[in-house]
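For reference, the structure discussed in these notes is given below.
The values are calculated or read from the model by the stated rules, or taken from the named source; none is laboratory data. Since we're looking at a predicted model, the values are computed, not measured. Heads up, the Cβs are rebuilt from the backbone with ideal geometry, glycines too, and the neighbour counts pull from every protein chain shown. All accessible areas refer to the heavy atoms of the entire protein, side chains included, with ligands and DNA or RNA removed. Shrake-Rupley method; radii C 1.70, N 1.55, O 1.52, S 1.80 Å.
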Amino acid sequence: MSSRRRKKLPDLETESHFVRMTQWLAMESEAEIRQMAERRQRMKLKDPEKGGETIVDLAIADHRSGLGGRTLVTFAKRKQAHAMPWHRLRVGSPVVVSRYRDDDGESEQGVVSKRTQNTLEVALNRWPDGDNFRIDLTADEVTRQRQLAAITLAKDSRGRLGRLRDILMGVKAPTFHPNPPEVEFRSALNNSQQQAVRFALSANDLAIIHGPPGTGKTTTVVELIVQAVERGQQVLACAPSNTAVDNLLQRLVAMGQKVVRIGHPARVAEDLRPYTLDGLVEQHENMPVVADMYREAEMLFKKAGKWTRHRPVRGEKTALRDEAKQLKKHAKLMEQQAIEQILGRAKIICATTTFNEDLLENKSFDMLIIDEACQSTEPGCWVPILKADKIVLAGDHQQLPPTVLSRAAAKEGFALSLLQRQLDIYGDQIHRLLDVQYRMNSKIMSFSSSYFYEDALIAHPSVAGHLLTDFETVSPSDLTEQPIEFIDSAGAGWDEEIETEGLSKFNRQEAHLVVIKVRQLIESGVAAQGIAVIAPYAAQVRYLRDQLAQIAGATAVEVDTVDGFQGREKEVIVISTVRSNDKGEIGFLGDQRRMNVALTRAKRKLIVIGDSATLGSSVFFQALLEYFQTEGSYRSVFEEPT
């Protein structure tokens, strides 16, 4: 990586930057409101589920009690033979549950707590009335308000927070201990991972761990956390998504660390809920007494509101209500004491970057680590920064950027992550690169290493030459013995189509070839669970799901958009690029960082299907096509079965 000259920004520019962030949040809110309005309009369409943000005609299939007095309600299609459509409602998504085709019915806010192929579980505070429901993805204004409050506070702060702000703005330079600390590593790390841990420990203010695909970034981050704790430090470990936080939590627990996970328990993987604040509070010695006090208070409220023939003694009902209120007040105090004790003893707290800061009101941390930092907008990072003495950002600016709905805000700079901005300011001075990857066959890795990472990546010997034929069940053939393959549909007339409602694009003929390749892989002995198909458009995802459902043994093949596969891997990845038109328009494919994610999910086999005449309008795809040709892995669709 080439060094960059550090750019100093004046204080006036610092203030302007914080003003811009405030404006970007407002623009993003407006964009989300517009999207919600479009979603409501979509409900009037023949198929309201087309956009993937709404599921209709649902019934309650099951329910159970959840943590914090919540009810976990499982929804399924009313007609059980009907499978759930493809949708964007993931664990942790805020949703609204309401009656289907009943505009007057009450709606309930909830959070998706679990999803399977045919069901969706939602954590609700109240039982939903009705027998026919719809679930809609909804906006999360609470998160935006927390971000706004954080940047407002940071803008004018002095002391510790003011120093960090000035460093992050390039006004003051970050500093490091001159001699890296001696470290007795708890995990088997390679040289670049060890250097990254030592570098982050030596930072006084700010450090970045740059982890390209498959290089063990999370392993390195977890080791850093453990080392910090062993040095007597308290650590706040954050990530933008619940999935990424759960990954950190799971690995820390496996290493015997005492961790507390804060946040809505429904957003936490079920097997990790005992480590949530709610779960730990329920096990606290105070809680049996607290539960008794709440029950007694409820009985008193009921008694005070009960109608009887005889007129009660004057003031009796008021006295009962006052007694109930006092009981609830004392119960809440005891509950708060339990929370404070648990958080006070915690050496590591895990949370998303948009946690409720009131929980940690009087707590500060020696080190803040933000994993997958490039997937968060900058305002999202300022919520945890308020609590930190030192910041370590971990991620890869060459993979998925933050999700931004407002195109205008994105164009102005809202889509530039805090990590990327620090690299633009400080360059090599501030980061260490992890350079050994443990996922991909070297031929799958090589293009991304060359195009995005200046040929810095090395395939570990354990994966450099691995192939599908290493599995005893897989029959040898060109399909299974070659790690990469590009199938070109140029000249075949496989034009893209747009859905009737104009919501998304798909390509029938290309999908047909995807199905053929998947069937060939399964017939060759590749396990369906080890295969995934990635497409940039929701319409193609839906169409492929329907087509693969008709293939024997293919129901376990995953089909999703690029975002759904961030941080994940499969033995085989088939990429359907969809776009094929006379204008050379490639839409979403123009974001080469998303393509980098798609191209680096495969371990042993990568198949890309696309129209070179359309894709070739992009410099990135020109380079990709040239790579496949150089490797002898390019072929025309006319060589494939139809």
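Output the number of residues of the stretch 140-165 satisfying the condition of being of a type in the set (A, V, I, L, M, F, W, C) and open to solvent by 30 Å² or more (accessible area, probe 1.4 Å).
4
In the stretch 82-123, which residues are in a strand (DSSP E or B) and charged (D, E, K, R)?
Answer for the stretch 82-123, where residues must be in a strand (DSSP E or B) and charged (D, E, K, R): R99, E108, K114, R115, E121.
Could you say whether any residue in the stretch 287-299 is modelled with pLDDT of 70 or more, open to solvent by less than 10 Å² (accessible area, probe 1.4 Å), in a helix (DSSP H, G or I) and touching a strand residue (DSSP E or B) at 6+ places or on another chain (Cβ under 8 Å)?
no
Residues of the stretch 345-380 being free of Cβ contacts under 8 Å to residues at least 12 places away in the same chain, more than 21 Å from H264 (Cβ to Cβ) and of a type in the set (D, E, K, R), which ones?
Listed by number, the list is empty, since nothing qualifies.
Quick check on my filter: what residues within the stretch 170-183 are open to solvent by 70 Å² or more (accessible area, probe 1.4 Å) and either closer than 16 Å to T220 by Cβ or among the aliphatic types (A, V, I, L, M) (or both)?
Answer for the stretch 170-183, where residues must be open to solvent by 70 Å² or more (accessible area, probe 1.4 Å) and either closer than 16 Å to T220 by Cβ or among the aliphatic types (A, V, I, L, M) (or both): just P180.
If a residue has to be open to solvent by 10 Å² or more (accessible area, probe 1.4 Å), small (G, A, S) and either over 12 Å from I370 (Cα atoms) or not in a helix (DSSP H, G or I) (or both) to count, how many in the stretch 203-252 make the cut?
Count: 4.
Where the second residue is open to solvent by 10 Å² or more (accessible area, probe 1.4 Å) and the first is assigned to a helix (DSSP H, G or I) and lies in the stretch 420-431, which pairs have Cβ atoms under 6 Å and are six or more apart or on separate chains?
Hits for this filter: Q420/H397; I425/R6; I425/K7; Y426/R6; G427/S3; G427/R4; D428/M1; D428/S3.
So, in the stretch 452-471, how many residues would count as being assigned to a helix (DSSP H, G or I), under 20 Å from S192 (Cβ atoms) and open to solvent by 50 Å² or more (accessible area, probe 1.4 Å)?
2
Does Q194 satisfy the criteria of being over 24 Å from the mean Cα position of the chain (by Cα), under 26 Å from T243 (Cα atoms) and of a type outside the set (F, W, Y)?
The answer is yes for Q194.
Restricting to the stretch 274-286, and then to whatever is at pLDDT 75 or above and not in a helix (DSSP H, G or I), can you tell me which residue is surrounded by the most Cβ atoms within 10 Å (Cβ to Cβ)?
The qualifying residue surrounded by the most Cβ atoms within 10 Å (Cβ to Cβ) is T276.
Name the residue that is most open to solvent (accessible area, probe 1.4 Å), counting only residues in the stretch 346-382 that are farther than 20 Å from A244 by Cα and in a helix (DSSP H, G or I).
Top of the filtered list is D358.
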